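> I have a structure here, written as structure tokens, and I will follow up with some questions on it.
The values are calculated or read from the model by the stated rules, or taken from the named source; none is laboratory data. Just so you know, these numbers come straight off a predicted model, no measurement behind them. We place every Cβ from the backbone using ideal geometry, glycine too, and count neighbours over all the protein chains shown. Only protein heavy atoms, including side chains, enter the accessible area calculation; ligands, DNA and RNA are left aside. Shrake-Rupley method; radii C 1.70, N 1.55, O 1.52, S 1.80 Å.
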Amino acid sequence: MYFEATNKGINELTLDVLAIPLSDSENSRDLMRGLSEQLNINFEEIIRKIPEFFEKGKIEIVFTREKPYLVMLGGVPDESVISIGKALGRIAKKAKEYKASIIGVIVDHLADGEQLNKIIQTVSEAFSLSSYEFNKYKKEKKAIDFKILVLTQKLSIVEANESLERGSIIAEGVNLARDLVNEPANEANPVKLANFVTNIFSGLNVKVTIYDEKYLQENGFGGIIAVGKGSDVPPRLVVIEYNPVNGQRPVALVGKGVCFDSGGLDLKTREGMERMKIDMAGAAAVIGTIYSIAKLSILVNVVGVIPLVENMPSGKATKPGDVIKMYNGKYVEVVNTDAEGRLILADAISFVERRFRPRYIIDLATLTGACVIALGNKIAGIMGNDKELINDLIKSGEETNELLWELPLHKEYKENLKSEVADLRNISRDRGAGAIIGGLFLSEFLDNSSWAHLDIAGVVYSDKESSLNPRGATGFGVRLLLNFLINKSLGSS
Ligand code: BES
Ligand code: ZN
Ligand code: ZN
């Protein structure tokens with residue numbers, strides 16, 4: 001896909017589609033009146049329909065007799081970047097149906113200055129996100145390569161192009177995360193995925209270190225070893241360091257990387273197992289985020305830690321009731337081998353805390369089915385020990401439409417994690433509060449860092465397509481983390 005800003009007028013360009021997000025405003029009406037003259041089409045009917053029709057976020061298509069052959073008007077109920085992005089996403093899908101390739105986009109009527117820059121960034125973000133397809137294993141590929149021209153009289157071309165570039169790099173990170181989650185587990189296994197991480201970051205200012213099973217065994221990563229040992233493919237721990245700033249403590253991002261979760265000896269049911277290649281979506285979000293941060297050269301130090309395992313049953317697998325020694329020295333009774341995510345994350349969290357002394361530790365994990373039941377597939381759970389960090393993350397997500405809802409890490413529930421034979425058990429002895437129990441378990445593996453845990457089990461995959469998403473992996477977390485990290489970077493207030 002190709003994006004460019006231009007200050008040429010419509011009549012100087014050869015467009016297939018003219019795309020315009022419209023709101024119920026005088027600016028929108030004025031724009032359409034002006035276009036009536038320029039294109040010699042009567043838009044009076046459209047203008048009258050703006051309030052009732054466009055409020056619903058629908059698209060109206062007007063056919064013309066010459067180029068641009070199609071005028072696509074996307075309704076925006078408010079002038080927020082989120083609504084504008086959704087409208088553009090719907091337009092992109094329509095344009096694809098019509099096999100259009102050169103699309104002109106008008107957004108000048110929606111805002112000025114900084115806000116207009118944000119909207120232009122949304123143009124490239126929305127087109128790249130909504131046209132994403134995972135078609136690697138399909139002979140017939142439907143992907144289309146748009147050329148998008150943003151028509152602006154208000155901003156300098158240099159500035160507008162920078163915004164377009166930012167939007168496409170952000171979308172690249174999201175689409176990278178989607179690719180990794182959509183990739184089947186026979187391809188994205190711990191060893192192959194670790195090597196892939198090395199390759200993807202070569203050429204960027206990023207250091208990747210892969211620790212193999214021997215290193216993990218010798219250095220006491222008992223959680224990662226216990227989960228990984230049932231599989232023929234050995235576990236890996238991947239550390240991704242991006243340090244553009246001297247002497248700044250990094251933000252640590254930890255991502256659950258269970259490349260396939262069969263449940264282990266506590267084998268999942270057929271329905272439960274079907275989609276468990278997605279159990280590394282936390283790791284994918286960390287990879288996608290650092291990829292974009294590095295490509296954008298944002299001045300913030302970040303360390304990504306991703307434990308990669310396959311949770312499989314076998315003669316070598318961990319058994320229910322086994323006791324293991326974790327990286328921080330605590331003993332855990334593995335009562336249920338399907339509560340594996342917390343075991344590998346716990347090791348990764350104590351490792352990153354001790355090794356890097358991070359400013360914040362943020363972990364992302366498809367941790368519990370309970371969180372899916374509690375919050376569904378549009379809202380992820382957030383827990384942690386630092387109210388300010390949690391609120392920052394919630395706010396970042398509101399701005400990118402990746403919603404988070406805080407669940408309380410109620411201390412009394414810790415009782416339910418007490419074991420007769422070890423320091424902790426890995427599942428509760430009671431029913432209920434499954435997502436919170438997962439968070440409480442993880443909290444046992446931190447010394448004193450500021451920490452937040454995102455349970456993304458429900459939101460990383462969608463059965464329904466939406467304006468910015470095809471069916472399948474959503475890339476949830478990448479834009480929200482990017483937003484958060486950019487706010488924490490040098491030079492931002
Ligand atoms: N990977 C699953 C959680 C999951 C469920 C992710 C549905 C995405 C969609 C996790 O490892 C798991 O199996 N959790 C168990 C925990 C239980 C044994 C305490 C669960 O949620 O049932
Ligand atoms: Zn599991
Ligand atoms: Zn899992």
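> More than 24 Å from Val334 (Cβ to Cβ) and either within 16 Å of ligand 1 (Cβ to nearest atom) or within 24 Å of the chain's Cα centre (by Cα) (or both): does that describe Val245?
Against the criterion (more than 24 Å from Val334 (Cβ to Cβ) and either within 16 Å of ligand 1 (Cβ to nearest atom) or within 24 Å of the chain's Cα centre (by Cα) (or both)), Val245 does not qualify.
> Using the structure shown, decide if Ile47 is out of contact with any strand residue (DSSP E or B) (no Cβ under 6 Å at 6 or more places or on another chain), assigned to a helix (DSSP H, G or I), at negative phi and of a type in the set (A, V, I, L, M).
yes
> Another one. Only residues that are in a loop (DSSP other than H, G, I, E, B) and either at pLDDT 95 or above or aromatic (Phe, Trp, Tyr) (or both): list them for the range 471-493, please.
Scanning the range 471-493 gives Arg471, Thr474, Gly475, Phe476, Gly477, Lys488, Ser489.
> Right, another one. How about the range 192-209: which of its residues are under 20 Å from Asp279 (Cα atoms) and either without any contact (Cβ under 8 Å) to a residue 60 or more places away in the chain or outside the structural domain of Met280 (by TED's automatic domain parsing) (or both)?
Lys192, Asn195, Phe196
> Just name the residue that is nearest to Leu296 (Cα to Cα) out of those in the range 120-158 that are open to solvent by 40 Å² or more (accessible area, probe 1.4 Å) and touching a strand residue (DSSP E or B) at 6+ places or on another chain (Cβ under 8 Å).
The selected residue is Ile157.
> List the pairs whose first member sits in the range 338-352 and is of a type in the set (Lys, Arg) and open to solvent by 10 Å² or more (accessible area, probe 1.4 Å), whose second member is within 10 Å of ligand 1 (Cβ to nearest atom) and in a helix (DSSP H, G or I), and whose Cβ atoms are under 7 Å apart, counting only residues at least 6 apart or on separate chains?
From the range 338-352, the pairs are Arg342/Gly438; Arg342/Phe441.
> Does Met280 meet the test of being within 11 Å of ligand 1 (Cβ to nearest atom) and either open to solvent by 10 Å² or more (accessible area, probe 1.4 Å) or free of Cβ contacts under 8 Å to residues at least 24 places away in the same chain (or both)?
It is false that Met280 is within 11 Å of ligand 1 (Cβ to nearest atom) and either open to solvent by 10 Å² or more (accessible area, probe 1.4 Å) or free of Cβ contacts under 8 Å to residues at least 24 places away in the same chain (or both).
> Right, next: State all residues of the range 302-355 that are within 16 Å of ligand 1 (Cβ to nearest atom), in a loop (DSSP other than H, G, I, E, B) and out of contact with any helix residue (DSSP H, G or I) (no Cβ under 6 Å at 6 or more places or on another chain); if no residue qualifies, say none.
Residues satisfying the conditions are Met312, Pro313, Ala317, Lys319, Pro320, Gly321, Val335, Asn336, Thr337, Asp338, Ala339.
> Cβ-Cβ distance below 6 Å, separation of 6 or more or different chains: which pairs start in the range 229-240 with a residue that is part of a loop (DSSP other than H, G, I, E, B) and end on one that is of a type in the set (D, E, K, R)?
So the pair list comes out as Lys229/Lys316; Gly230/Lys316; Ser231/Glu310; Val233/Glu310; Pro234/Glu213; Pro235/Glu213.
> For Ala380, state whether it is within 15 Å of ligand 1 (Cβ to nearest atom), under 20 Å from the mean Cα position of the chain (by Cα) and open to solvent by less than 20 Å² (accessible area, probe 1.4 Å).
Here the answer is yes, as Ala380 does meet what is asked.
> If Gly304 satisfies every condition in (1) in contact with an Asp or Glu (Cβ under 9 Å, 6 or more places away or on another chain); (2) within 15 Å of ligand 2 (Cβ to nearest atom); (3) open to solvent by less than 30 Å² (accessible area, probe 1.4 Å) but one, which is the exception?
If we test Gly304 against (1) in contact with an Asp or Glu (Cβ under 9 Å, 6 or more places away or on another chain); (2) within 15 Å of ligand 2 (Cβ to nearest atom); (3) open to solvent by less than 30 Å² (accessible area, probe 1.4 Å), just (2) comes out false.
> Turning to a different aspect of this structure: Hey, Lys56 hits all of (1) surrounded by 19 or more Cβ atoms within 10 Å (Cβ to Cβ); (2) touching a Gly at 6+ places or on another chain (Cβ under 9 Å); (3) not in a helix (DSSP H, G or I) but one; which does it fall short on?
Only one criterion in (1) surrounded by 19 or more Cβ atoms within 10 Å (Cβ to Cβ); (2) touching a Gly at 6+ places or on another chain (Cβ under 9 Å); (3) not in a helix (DSSP H, G or I) is unmet by Lys56, namely (1).
> How do the pairs read when you match residues in the range 291-308 that are in contact (Cβ under 8 Å) with a residue 24 or more places away in the chain with residues anywhere that are open to solvent by less than 10 Å² (accessible area, probe 1.4 Å) and among the charged types (D, E, K, R), using Cβ under 7 Å and keeping only pairs 6 or more apart or on different chains?
Filtered contacts from the range 291-308: Pro307/Asp347.
> Identify, please: which residue in the range 227-266 is within 13 Å of ligand 3 (Cβ to nearest atom) and of a type in the set (A, V, I, L, M, F, W, C) and is, among those, most open to solvent (accessible area, probe 1.4 Å)?
Phe260
> Checking Leu180 against (1) outside any helix (DSSP H, G or I); (2) in contact with a strand residue (DSSP E or B) (Cβ under 9 Å, 6 or more places away or on another chain), only one condition comes out false. Which one?
Among (1) outside any helix (DSSP H, G or I); (2) in contact with a strand residue (DSSP E or B) (Cβ under 9 Å, 6 or more places away or on another chain), the lone unmet condition for Leu180 is (1).
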